[in-house]
Amino acid sequence: MSINRDHEPEYASLDSPCVADTNVYGNPIDLIASSTVEVGTSMYINADPSVGETPNRNKQHGFHFTADNCIGCHACEAACSEKNDLPPHLSFRSVGYVEGGSYPDLKRMNISMACNHCDDPVCLKGCPTNAYTKHAEYGAVLQDPETCFGCGYCTWVCPYNAPQLDPLEGHVQKCNMCVDRLEVGLKPACVSACVGNALDFGVIESIPENRHQAKTSIPGFPDPEISKPNIRFQQSSENPKEFKRTDSEHIKYRQSEQSDVYEPVVDLKSSEEKHWNLGKLSSRENPLVIFTLVTQAVIGAFVIAFFGGLSGMENMGMIASSAVASPILLLLAALQAFVLVLSTLHLGKPLRFYRGFNNLRYSPLSREALAVSIFFGFLPVLAVLHAMQFGFLNILEAGAIQANFLPWASDSMLKLSATVLISLAVLIGLLGLYYMHMIYRIKARPFWDHWQVLSSFFGTMFSLGAVLLGLLVLPLIWFSSVSLTSLIVELLPFVAIGLAIEALGHFFHARDLKEGGKEGAASLMLLQTQFGKTYVLRNGVILLSLLAALLILMFSQQLFNTSGLLYAFAGGLAMACLFSSIVSRALFYVLVIPTTMPGAFFWKNKGFEEHARETGLAKMPQVGVVELSH
């Protein structure tokens, strides 16, 4: 390489040997053998095309952290921030800590953590823009901020707080393994700066000098099976049976009775008293609350109308075969277009939304975006076909146009085309909801990683879909022969099915979280305490709504004679469904506790960050907290 680093001290030199063919996960350490990349490929670091001559350049490298030696001086953080010219609110490497024991035998263990350049990088598979690359050189997982559009999904799936979403710049950045230093035979900046010789770096599974352990986990470190991280630990001093976090997460770590592994358990850091906390239901994910609910309702309205017509429901059939079908389809398209735009505004860089389709191979977010976009495209096309069929566009009556451009467009061909497109739209819409649920099946977020997400999304599809369809038909009822009273009765079974599916999912979700423990149980504990009253109200509304739907169905004949009472019941039921859906979805986003690394009292502490934003401390750059503008 052309850069001269002769001034670097000897201890900064990269000199570790390769001592094994495979790592502890059974994967090859030699990355060329499993790669299509040719030996000697340039990484074009800082636009330099030259190739480093580092021995073992194409072997998987990783960090080694000796917890016994770390004194919490944060020199590694400072060196990393200086090298990468980071603003105060970002840090690719951070030092958190856990504490255990009691006076006078109090133990504090510091943990220095950055990107672990995993064997199975979940950030790479999750990123919809394909901004991540796992390189055969050093095994580095690199991210391109210029490709990123700031959705932050990689920050959800990573268990180690490695990707950093910059709310000011609107994109993600992370540790790049200091590959420019590796190319000239030097260790990463954080390792070279470590005062206590706690951090080291080299070919994975090679234990540094004067070390004898290479554990894959220590207290506070998430399950390595999530992504198979390339970091090894030494921690040989005697530990207490339990470590507590000093940040605001309601988690502590307790040693298993069967092994020396420390597992996360619930650590309540607030009152057990039940609260409403309605103001805390609002979060930066509010656009996703609206997007998911409206998308599910739009798909649901379309699917219900389709299946209702197929099953012989008289009024559903009238809707499909009357003049109101086209405006309903256009209104559904308008609603879907609105929330699609809203979802892009949630991005750090909205104008790059088209990059969301770049990773169809791996990312459920890319697959969901494609499926929902295709479904949306069907709606106006079907509206036009329906309008043609009913003569609104007069295309079929224009003989010359038909003969020259649409010779196939007979009534029977239009009906066949519409039937095929409707069937495809239903299938793609349902597929879109499936991938929407897969976005949240994240191992690093146990509260989400449950089949209840699927039951919630499909339950909402039925309940809100039926409500939406009824609301869209209501202003058009005078232009068709549809009976509003009979239509309500036809829609009620779908509402009841949706509410029943959702109630069932919530019941099993709570049961499984309680039994499973760990971060999922901590989220459940917050749900039943900090949001306890809201939780009880939400559950009560769902159950009462389900009961009301069943009662209306059972006594619909009696209510036919008093349609005003039926309309009042139906209106109240629609409002209750909307209320419970909004509250449930808002709780879904604010309650999740990820399997993150421990923070410190001020740094990487969600509680302090919220305090700083509430009190105005976030206006001071040196605090390291900024407003969430994206």
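The values are calculated or read from the model by the stated rules, or taken from the named source; none is laboratory data. Because the structure is a prediction, the values reported are computed rather than measured. A quick note on method: Cβ atoms are made from the backbone with ideal geometry, for glycine too, and the neighbour counts reach across all protein chains shown.
Quick notes
- Condition broken by TRP276, with the remaining ones in (1) under 14 Å from ALA586 (Cβ atoms); (2) not in a loop (DSSP other than H, G, I, E, B) satisfied: (2)
Residue-wise test of (1) surrounded by 24 or more Cβ atoms within 10 Å (Cβ to Cβ); (2) in a loop (DSSP other than H, G, I, E, B); (3) more than 16 Å from the chain's Cα centre (by Cα).
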| residue | (1), (2), (3) |
| --- | --- |
| CYS123 | yes, no, no |
| THR133 | no, no, yes |
| TYR138 | yes, yes, yes |
| CYS151 | yes, yes, no |
| CYS175 | yes, yes, yes |
| GLU205 | no, yes, yes |
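- In region 85-109, the residues that are closer than 20 Å to TYR262 by Cβ form Cβ pairs under 6 Å with partners that are among the polar types (S, T, N, Q), at six or more places apart or across chains, as follows: VAL95/ASN110; VAL95/SER112; TYR97/ASN110.
- Single residue of SER217, SER112 found to be closer than 22 Å to ASP68 by Cα, outside any strand (DSSP E or B) and small (Gly, Ala, Ser): SER217
- Residue within region 535-550 that is on the phi > 0 side of the Ramachandran plot and in a helix (DSSP H, G or I) present: no
- Residue among GLY317, GLY308, GLY300 that alone is free of Cβ contacts under 8 Å to residues at least 24 places away in the same chain, in contact with a Gly (Cβ under 9 Å, 6 or more places away or on another chain) and under 25 Å from LEU487 (Cα atoms): GLY317
- Qualifying residues in region 102-121 (those that are of a type outside the set (A, V, I, L, M, F, W, C) and surrounded by fewer than 16 Cβ atoms within 10 Å (Cβ to Cβ)) - the one nearest to PHE221 (Cα to Cα): ARG108
- Within region 585-630, the set of residues being outside any helix (DSSP H, G or I) and more than 24 Å from the chain's Cα centre (by Cα) comprises ALA600, PHE601, PHE602, GLY616, MET620, GLY624.
- Scanning region 57-85 for residues that are over 25 Å from ILE207 (Cα atoms) and buried (at least 17 other Cβ atoms within 10 Å of the Cβ) yields SER81, LYS83, ASN84.
- Here the condition is being in the same structural domain as ARG284 (by TED's automatic domain parsing), crowded, with 19+ Cβ neighbours inside 10 Å and of a type in the set (Asp, Glu); of GLU519, GLU609, it holds for GLU519 alone.
- Within region 493-516, tally of residues that are surrounded by fewer than 23 Cβ atoms within 10 Å (Cβ to Cβ) and closer than 30 Å to ALA323 by Cα: 3
- Scan of region 207-256 for residues that are among the β-branched types (Val, Ile, Thr) and either within 30 Å of the chain's Cα centre (by Cα) or crowded, with 21+ Cβ neighbours inside 10 Å (or both), ordered by number: THR216, ILE218, ILE226, ILE231, THR246, ILE251
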